[in-house]
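Only one structure is covered here, and it is reproduced in the block below.
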Amino acid sequence: MIRLYIQNENGIERTADIENLSCRPEDIFWVDLLTPDAAELQFAEQLCRIEMPTQDEMREIEATSRLYTEDGARFMTTTVLSRVETEEPILSEMTFILKSERIVTIRHTDSYSFRVFSHQLLRQKQVSRDQVFVGLLETIVDRQADVLERFGTDLDALSKRVFSHRHTGKGRKKEPVTQEMRVVLEDLGSIGDLITRQRDCLVNLLRLLSYASNAETSDPSQPNLYVTLRPISRDVNSLSEYASFLSSKINFMLDAVLGLINIEQNEIVKIFTVASVIFMPATLIASIYGMNFENMPELRSEYGYASVLVAMAVSIILPLLFFRMKRFI
């Protein structure tokens, strides 16, 4: 899909019909390509007189493949975390091309930021190429900030689940936490993966801002974007710091969850250990009097059976009282 934004006397107009285009080519100040086909790519290349990068070229990770100048145009590619509201968020590449008075954007995933900015743009009377470029970056950064805020809220909810008291009521026993902690571990892993992707996006976005701010323009009439992009760079730096904080919080919560699981497992092992120790003397007595020897003093005693049962009961009660006194159980 291709969207052309045209500057005319009545304001800004948007069209996707490239076959019946009635405006002058110089009136087109923004060409937005969303998963374009061959005809749309050819139209954009003829309009701007440059070769558009392919999707594979946009995915290159080298800085020289993402940020470069060619044929008088500046090519800048960054990655953005998209589809966060769905179950399958993805990293999508976006390319910004600045050529003369025109900006070209290439993307292969529909972006919420682009939809919001395009609606704002159509309400304005007149804009320049740099205003579109800066406005898009500001909208993208705002969107990434909202995504990080959502991750922070999700982590706060998980933190309450991890560190809250798990009593079902007064005087009742605690509920088992192992099953719940398994779910929390899965949620933490999912959020941690998304935050890692988001940090990568912020790093790429910061590189783009640095390149756009410091790149020298071939046209002396075009001002340098350093002053305009500096506030956005500060915002991206602050988001990177916040993402690092969230990553540290995830690591802390992972350690806490694993510790809670280990504590519960140790409590289970402790129960079996104490039970085996408590019943060990009784087992010893039962083993002694279970021997098949004729010359056993208590074998013919009238109260032998009862005496052995009492001895076994005492051998159980005494270790139990000792463990209670030492607060082992």
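Each value in this text was obtained by applying a stated rule to the coordinates, not by laboratory testing. Quantities reported herein were computed from a predicted structural model and do not represent experimental measurements. As a convention, Cβ positions derive from the backbone with ideal geometry for all residues, glycine included, and neighbour counts pool all protein chains shown.
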#### Entry: Shape category assigned to region 24-91 from the gyration tensor of Cα positions, a/c cut at 1.5
oblate
### Task
With a point put 7 Å past each Cα toward its Cβ, work out how far Gln42 is from Ser276 in nm, to one decimal.
8.0 nm
### Message
Between Glu298 and Thr196, what's the calculated FRET efficiency when r is the beta-carbon distance and R0 is 56 Å? Round to 0.05.
### Response
0.20
### Summary
Taking the dipole of the chain about the Cα centre (Lys, Arg +1; Asp, Glu -1; charges at Cβ), the one of Ser22, Val116, Ser287 that reaches farthest to the positive side is Ser287
#### Entry: Label-to-label distance, nm, for residues given as Arg324 and Glu88 (7 Å Cα→Cβ offset)
6.0 nm
### Query
What does a probe at Arg3 reach in region 91-123, counting residues whose amide N is under 11 Å from the point 7 Å along Cα→Cβ?
110-122
### Message
Between Ile103, Ile285, Ile195, where does the largest GNM mean-square fluctuation fall for the chain, given springs only between Cα atoms within less than 10 Å?
### Response
Ile285
### Query
What does the charge dipole of region 1-87 about its Cα centre add up to, to the nearest 20 debye, if the Cβ of each Lys and Arg holds +1 and the Cβ of each Asp and Glu holds -1?
220 debye
## Note on the structure
Given the candidates Ser276, Ala243, Val184, the one whose Cα lies deepest towards the positive end of the charge dipole of the chain, counting +1 at each Lys or Arg C-beta and -1 at each Asp or Glu C-beta, is Ser276
### Task
Mind checking the full-extension length gain between Val116 and Ser100? Use 0.36 nm per residue of separation minus the Cα-Cα distance, one decimal, nm.
3.2 nm
### Task
Could you sort 7-17, 253-263 so that the peptide with the highest average Cβ count within 10 Å comes first and the rest follow in order?
253-263, 7-17
## Note on the structure
Read-out mean projected area of the Cα convex hull in nm², candidates (i) 21.1; (ii) 29.9; (iii) 28.6; calculated match is (iii)
### Message
Rounded to whole Å, give me the distance from the Cα center of region 274-312 to that of region 84-134.
### Response
86 Å
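Please report, in debye to the nearest 20, how large the charge dipole of the chain is about its Cα centre when each Lys and Arg carries +1 at its beta carbon and each Asp and Glu carries -1 there.
Values: 36 positive and 46 negative charges, 418 e Å.
In total the dipole reaches around 2000 debye.
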### GNM flexibility winner over the chain from Ser244, Ser128, Ser301 (Cα, springs under 10 Å)
Ser301
### Query
If the chain between Arg129 and Asp154 were fully stretched, how many nm would it gain, using 0.36 nm times the residue separation less the Cα-Cα distance?
5.2 nm
## Note on the structure
Highest GNM mean-square fluctuation among Thr79, Thr283, Thr64, for the chain with Cα springs under 10 Å, belongs to Thr283
### Task
With a cut-off of 19 Å, note down the residues of region 262-280 whose backbone N falls inside the zone around a label point 7 Å from the Cα of Leu185 toward its beta carbon.
262-270
### Separation in nanometres of the label points that stand 7 Å from Cα toward Cβ, at Val310 and Arg14
9.5 nm
### Query
Could you give the dipole magnitude of region 187-329 about its Cα centre, charging the beta-carbon of Lys and Arg +1 and that of Asp and Glu -1, in debye to the nearest 20?
340 debye
